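Q: Questions regarding the structure given below will be posed in turn.
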Amino acid sequence: MAEHNKKDNEQSLGVTVAIGVAIGSAMGVAMDQLALGVALGAAFGAAYGYATQKKSNSKDEHD
């Protein structure tokens, strides 16, 4: 069961990074700073994914 949760968490991290890049790209195009938008989007997506992954892991440990 732990291996299944680990795989889901890794996929979840990838999805949040992809969503962050997409949103960052849109913001970058709107502000005429595409490179900055992609970089910030990836960073914020990874940070959000990592935070939710840690939250999920701590919740699983308490159950």
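Q: Considering A35, A39, which residue is loosely packed, with under 13 Cβ neighbours inside 10 Å and modelled with pLDDT of 95 or more? Please lay out each step first, then the result.
A: Numbers: A39 fails: loosely packed, with under 13 Cβ neighbours inside 10 Å.
On inspection, the qualifying residue turns out to be A35.
Q: Considering every residue within the range 43-56, establish whether at least one is surrounded by 15 or more Cβ atoms within 10 Å (Cβ to Cβ), aromatic (F, W, Y) and modelled with pLDDT of 95 or more.
A: Checked the range 43-56: at least one residue is surrounded by 15 or more Cβ atoms within 10 Å (Cβ to Cβ), aromatic (F, W, Y) and modelled with pLDDT of 95 or more.
Q: Follow-up question, since we're still on this one. Looking at (1) surrounded by 16 or more Cβ atoms within 10 Å (Cβ to Cβ); (2) at pLDDT 70 or above; (3) not acidic (D, E), which is the only condition N9 fails?
A: All conditions are met except number (2).
Q: Identify, please: which residue in the range 25-42 is over 12 Å from the mean Cα position of the chain (by Cα) and not aliphatic (A, V, I, L, M) and is, among those, farthest from Q53 (Cα to Cα)? Working first, answer last.
A: We begin by selecting, within the range 25-42, every residue over 12 Å from the mean Cα position of the chain (by Cα); these are 25-39.
Filter once more, keeping what is not aliphatic (A, V, I, L, M): 25, 28, 32-33, 37.
On the way: S25: 24, G28: 27, D32: 32, Q33: 30, G37: 24 Å.
Looking at residues that are over 12 Å from the mean Cα position of the chain (by Cα) and not aliphatic (A, V, I, L, M), I get D32.
Q: Taking only pairs six or more apart or across chains, which ones have beta-carbon atoms under 9 Å, a first residue in the range 31-50 that is closer than 12 Å to V15 by Cα and in contact (Cβ under 8 Å) with a residue 12 or more places away in the chain, and a second residue that is assigned to a loop (DSSP other than H, G, I, E, B) and of a type in the set (F, W, Y)?
A: From residues that are closer than 12 Å to V15 by Cα and in contact (Cβ under 8 Å) with a residue 12 or more places away in the chain, there are no pairs.
The values are calculated or read from the model by the stated rules, or taken from the named source; none is laboratory data. A quick note: this is a predicted structure, and the numbers were derived from the prediction, not measured. Methodologically, a virtual Cβ is constructed for each residue, glycine included, from the backbone with ideal geometry; neighbour enumeration extends over all protein chains shown.
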